[in-house]
Structure formats: C-alpha cells, structure tokens
Amino acid sequence: MNYIYLLIVGIYCIAVYTLSLGDATKCDCTELNNQFDCNYANCLWNNSFCQQYTCPTIKNITMCKLAINCAFFNGSCKNFTKCSDYVAVTDDDCSYFGSGCTLGDQYNATFSYCKSVPTPVYNCSSYSMETCEIDSQGACQFDEGCRGSKCSDMTIQNKCSFIFSSNTSNPILCSWDYISRLCSEATDINTLTSKNCFKNTAGTYAWNSLSSSCLACRGSQQSVVFGVILKLMIIIIL
C-alpha cells in the first residue's frame, strides 16, 4: 500500500514540475514543426521543415540581427560566437551582434568590447509608482505599492500567456479561464495547443505532432528531473 502511495506522490510531483519553466531552454529551429512557430522564431521554413538560417547567405542587416545565432559584423552576416568577441561604439551597435549583447569595457579610444546582458533582477519595492512597470520591463506592477507581476494582472485573453518573475528571467505560465474570464497561473500545461504551445511558453516548449502534446525543448531541466524522479520511483517500487 505504501508503494502505491509513493508512486502516486511521485507522479504528482512530476506533473507539477513540468509546469515550472525554470531553467527553460529556448527551442532550436529544428524543434519547430509548423510554419507559424518557425516564422515567429525568426527561423527559415523550407520544404515543410524549420531550420536555422545560413548566416552568410543573409544580406539584410535587420534580418541578420533577428536570425538565431547570426551576427552582422564587418559588413556581412556571420555565425555568432559570443558577445565579447565583438567591438562597437554604441549599445545599438552591439545589439547587431545579438539581442543579448550590450556595450562593455573600453577597447581603445573609439571602440568598446561588447558583453552579454546580465539576467535582470528587479527589486519591485524600490520603484515608485511612475517607474514601477517601465523600469522593471513589466516584471513589476503598481497596486498600492510596487510588487511583482501576477498572471491575474492580465485582463485580456490574448495577453494571458506568461509573465516574467521579478527575481528571475524564467517565464511563469498563465492560463485563461473562459467561464470566469480571468487569467491565473496555469495548473496544466496540457491545455496548450499546437497554436499557442510555443508562443505562450516564451519559446521554451514546442508542439510535438507525434504525441499531440506540448513538450519542453531539448536541454530544458524538466526532462532531466523527470528522468531522475522516475528512476527513483522505480527503485523504491522494486
């Protein structure tokens, strides 16, 4: 009887954990199997497959900047390496090497090295009513004081997808209740469909057409923890 109880608890823990998007990994182009998600992720849809752009073939500066793992440098689009490999004059220049790059230490009289943008951590209570939402990039909301954003802050259905916590860059999944017409923290990721799986999880989950389910992309810690818990449960039962 105790084994059955432990098994039920273990399965419940696994189910709950899959809702956590902590340590989430952005989906690779090849993990997207429909054209809408592929285009949304700035990947190339070709012959019914989603693939990463071949950087040197991109001639447009804006397109190069948007494409995953590409950087516009010395007049052409190249494969992105890391922010610190590039030098620039302004923050905007650094952003052409990747959306996660910003201006860093001085290189010489004209140029500075670029560096990776650190993961923002917002102390909501330190913001005023005027700066609460803007300075925290939406991670905080003002409600009788500046506080962390909640899913319930979103009152429009198409905005009820995910929020970012004030102390981490990991998205928190939200869900819309069609009866109460309220947005709340999601309790079941299986409510997501092929139309909103990728977009509503900030690009960290993708729709799997074989299993008809919304699954974490490769490298996400969910799959690792799932395997560890499952193995522990098997050992306990045996």
Check: Straight-line reach from residue 59: which aspartates and glutamates have Cα under 20 Å away, leaving out those fewer than 8 places along the same chain?
Finding: 92, 93
Check: Which whole-angstrom value gives the distance between the alpha carbon centres of segment 134-213 and segment 105-132?
Finding: 25
Check: What span do the alpha-carbon atoms of segment 24-101 cover on each of the three principal axes, reported in whole Å from largest to smallest?
Finding: 40, 30, 17
Checklist line | Reachable aspartates and glutamates from residue 82, criterion Cα separation under 13 angstrom, eight or more residues apart if same chain | finding: none
Check: Amide H to amide H, which residues 5 or more places from residue 213 or on other chains are under 5 Å from it, using H placed in the peptide plane?
Finding: 208
Check: Which loop-located trypsin sites (Lys or Arg not before Pro) does segment 121-210 contain, where loop means any DSSP state but H, G, I, E or B and the Cβ has at most 14 other Cβ atoms within 10 Å?
Finding: 181, 195
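How about segment 131-219: which GluC sites (Glu not before Pro) there lie in a loop by DSSP and see at most 14 other Cβ atoms within 10 Å? Don't skip to the answer; put the middle values down first.
Working: sites: 133, 144, 185; in loops: 144.
For GluC sites (Glu not before Pro) across segment 131-219 that sit outside H, G, I, E and B with at most 14 neighbouring Cβ atoms in 10 Å, the list reads 144.
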Check: Around residue 69, which amide H atoms from residues at least 5 apart in sequence, or from another chain, sit under 5 Å from its own amide H, with H modelled in the peptide plane?
Finding: none
Note to self: Restricting to Cα atoms and excluding each atom paired with itself, what does the Kirkwood estimate give for segment 103-177 in Å?
What the structure shows: 14.2
Notebook entry, point to check: What list of ³J(HN,Hα) values in whole Hz, one per residue of segment 128-138 in order, does the Karplus curve 6.51 cos²θ - 1.76 cosθ + 1.60 (θ = phi - 60°) give from phi, with Gly and Pro shown as x?
Noted result: 8, 4, 6, 9, 3, 7, 5, 5, 9, 6, x
Checklist line | Reduced Cα scattering model of segment 64-123, Debye log10 I(q)/I(0), q = 0.14, 0.16, 0.18, 0.31 Å⁻¹ | finding: -0.36, -0.45, -0.56, -1.29
Margin query: Once neighbouring chains are kept in place and the probe is 1.4 Å, which whole percent of the accessible area of segment 71-199 is contributed by carbon and sulfur?
Written below: 50
Next item on the list: Per residue of segment 72-85, in order, report the coupling 6.51 cos²θ - 1.76 cosθ + 1.60 (Karplus, θ = phi - 60°) as ³J(HN,Hα) in whole Hz, putting x for Gly and Pro.
Entry: 8, 8, 6, x, 8, 8, 10, 5, 6, 9, 8, 3, 5, 7
Notebook entry, point to check: What list of ³J(HN,Hα) couplings, whole Hz, do you get for segment 176-182 from phi and the Karplus terms 6.51, -1.76, 1.60, once you set θ to phi - 60° and write x for glycine and proline?
Noted result: 9, 9, 6, 7, 7, 6, 10
Notebook entry, point to check: What translational D, rounded to a whole number of µm²/s, comes out for segment 68-217 from Stokes-Einstein when the hydrodynamic radius is the Kirkwood one over Cα pairs, at 20 °C and 1.002 mPa s?
Noted result: 119
Check: Using a cut-off of 22 Å between alpha-carbon atoms, which lysines can reach residue 150, once sequence neighbours fewer than 8 places away in the same chain are excluded?
Finding: 159, 199
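The values are calculated or read from the model by the stated rules, or taken from the named source; none is laboratory data. As the structure is a prediction and not an experimental result, all values here were calculated from the model. Quick reminder, even Gly has a Cβ in these numbers, built from the backbone with ideal geometry, and neighbours come from all protein chains shown. For accessibility, only protein heavy atoms count, side chains too; no ligands or nucleic acids. Shrake-Rupley method; radii C 1.70, N 1.55, O 1.52, S 1.80 Å.
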